[in-house]
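What follows is calculated from the coordinates using simple rules that are stated; it is not laboratory data. Just so you know, these numbers come straight off a predicted model, no measurement behind them. Reconstructed Cβ throughout: ideal geometry from the backbone, glycine too, with neighbour counts over all protein chains shown.
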Amino acid sequence: MKGKILWEKVSGNEWSFVGEGDDFNDELVEGFIGSFFQDPEVYFVIDRHNSFSVAREEAALKVKSALKDQVITLCNHSFSKMIEFHYIGVAKHGAVSS
């Protein structure tokens, strides 16, 4: 489904810095997740064989702890909205075009 997502650009770039490790901006990420997803739960996707549902309020903390050397994607249950976090400290977001 990632191929159908139109990634939003902010200041001409898809990627935004969110930090890594101790520099991970918990408040920024938590606020954005809360405003981007409306459902109380989101899918936490590590790869196509490893995903699970988490409470939206817990998603930022789980991303921070799992981000060390992998890409994490959060998406709504219909897979029409996604936020992709890269382990180098950047994220991008988007949705399927209507």
**Prompt:** For the stretch 1-93, rounded, prolate or oblate, judged on the Cα gyration tensor with a ≥ b ≥ c (square roots of eigenvalues), a/c < 1.5 rounded, else prolate if a/b > b/c?
**Reply:** rounded
**Prompt:** How do 60-69, 81-90, 22-31, 46-55 rank on mean C-beta neighbours within 10 Å, highest first?
**Reply:** 81-90, 60-69, 22-31, 46-55
**Prompt:** Where Lys and Arg each count +1 and Asp and Glu each count -1, what net charge lies around GLU14 among other residues with Cβ under 10 Å from its Cβ?
**Reply:** 0
